[in-house]
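The values are calculated or read from the model by the stated rules, or taken from the named source; none is laboratory data. Keep in mind the model is a prediction, meaning the values are calculated, not measured. Ideal geometry is used to build each Cβ from the backbone, glycine not excepted, and the neighbour counts take in all protein chains shown. Just the protein is used for accessible areas: all its heavy atoms, side chains included, with ligands, DNA and RNA removed. Shrake-Rupley method; radii C 1.70, N 1.55, O 1.52, S 1.80 Å.
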Amino acid sequence: MRKPVIAGNWKMHMTCARSRDFMASFLPLINGTPNDRHIVIAPPFTAISTISEAIQGSRLELSSQNVHWEDEGAFTAEVSPLMLLEHQVKYAIVGHSEPRKYFSESDEQINKRARSAQLHDLIPIVCVGETDEQRERGEAERVIRRQVEQGLEGIEPSRLVVAYEPIWAIGTGKTCEAEEANRICGLIRGWVGFKDLIIQYGGSVKPSNIDEIMNMEEIDGVLVGGASLEPESFARIANFNSF
Ligand code: PGA
């Protein structure tokens with residue numbers, strides 16, 4: 001049984017003060033949410049401690065937006081898995097298309113981050129996905145397969161989430177057709193060769209399309225950017241197919 005993971009990625013949004021306000025509004029809205037799904041928030045590092053306190057006793061779980069492969073050292077601007085564990089962080093997003101694009105993150109680095117996460121009992125959320133041009137050139141499947149094979153080398157699939165995020169659908173309002181997202185997620189499951197692998201879809205997920213996406217056979221959750229910044233809209237997404 002694959003338990004869906006609904007995760008909000010706040011990216012570089014939200015101060016500590018705004019995070020507290022968000023939680024005051026959001027937590028009551030997921031009080032009655034069925035237990036058949038995980039609900040996760042990935043705040044910026046500066047708000048992790050604030051949120052960790054605010055969600056004590058609730059079912060909301062914490063993710064980081066990155067993690068380094070060393071426990072400590074001269075790695076300016078990076079964060080170690082040990083620092084995350086101190087704040088009850090359970091997941092770590094790695095390989096998001098933004099660090100891939102802006103900081104030239106390679107599949108090899110992403111793999112090291114994912115391994116480090118698993119070594120410390122964090123669940124890596126490994127993002128993969130093609131650009132617009134790659135899709136138009138008919139290269140989408142080849143690109144995603146390479147990201148999956150290199151990024152997940154040596155990774156234990158039972159303690160892993162893969163997020164399929166077509167880059168052209170991120171923050172653009174253009175959602176990938178649910179059927180097509182479902183097809184790609186099915187391919188990823190086959191390449192990894194583990195039938196219980198949790199695979200999310202990400203890219204312009206919103207209250208109006210969440211139910212259709214979650215009704216797809218191969219999709220086990222979503223990674224949500226913009227629509228996770230408002231308590232009502234993220235709660236509607238977390239409450240997919242209920243109430
Ligand atoms: P979006 O972002 O929901 O704003 O498209 C998704 C993501 O980057 O994870």
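Below are the figures for this structure:
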| quantity | calculated |
| --- | --- |
| Dipole magnitude of the range 12-92, debye to nearest 20 (Cβ charges: Lys/Arg +1, Asp/Glu -1, about Cα centre) | 440 debye |
| The range 98-126-the range 1-79 distance, computed between alpha-carbon centres (Å) | 18 Å |
| Carbon + sulfur, % of accessible area of the chain - ligands and nucleic acids excluded, 1.4 Å | 50 percent |
| Computed [θ] at 222 nm, helices only, for the chain once each DSSP H run of length n ≥ 4 contributes -39500 (n - 2.57) | -10500 deg cm²/dmol |
| Residues whose placed amide H lies under 5 Å from that of Glu61, excluding near-sequence neighbours | Ile39, Val40, Ile41 |
| Accessible-area value, His87, 1.4 Å probe, nucleic acids and ligands omitted, Å² | 60 Å² |
| Å³ per residue enclosed by the Cα convex hull of the range 13-59 | 71 Å³ |
| The chain: antiparallel DSSP beta bridges as a percent of all, rounded to 5 | 0 percent |
| Percentage, to the nearest whole number, of Cα pairs in the range 109-243 over 17 Å apart | 58 percent |
| Under the Karplus curve 6.51 cos²θ - 1.76 cosθ + 1.60, θ = phi - 60°, whole-Hz ³J(HN,Hα) for the range 32-40, x wherever Gly or Pro sits | x, 5, x, 7, 8, 8, 8, 10, 9 |
| Rounded to the nearest 20 debye, dipole of the chain from Cβ charges on Lys, Arg, Asp, Glu | 280 debye |
| Two-site label geometry, Glu108 and Arg142: point separation in nm, points 7 Å out along Cα→Cβ | 2.2 nm |
| Amide N proximity, the range 89-123 versus Thr76 label position 7 Å along Cα-to-Cβ, cut-off under 11 Å | none |
| 20 °C / 1.002 mPa s Stokes-Einstein diffusion coefficient of the chain, Kirkwood radius on C-alpha pairs, µm²/s | 120 µm²/s |
| Placed amide H near Val5: partners under 5 Å, 5+ positions off or other chain | His38, Gly221, Val222 |
| Derived scalar couplings ³J(HN,Hα) [the range 89-103; Karplus, 6.51 cos²θ - 1.76 cosθ + 1.60; whole Hz; x for Gly, Pro] | 6, 10, 10, 9, 6, 9, x, 4, 5, 5, x, 4, 7, 7, 10 |
| List Cys16, Cys176, ordered by accessible area with a 1.4 Å probe, largest first | Cys16, Cys176 |
| Probe 1.4 Å, protein heavy atoms only - accessible area per residue of the range 135-243 in square angstrom | 44 Å² |
| Rg in Å to one decimal, and Dmax rounded to a whole Å, for the range 9-128 via C-alpha atoms | 14.6, 45 |
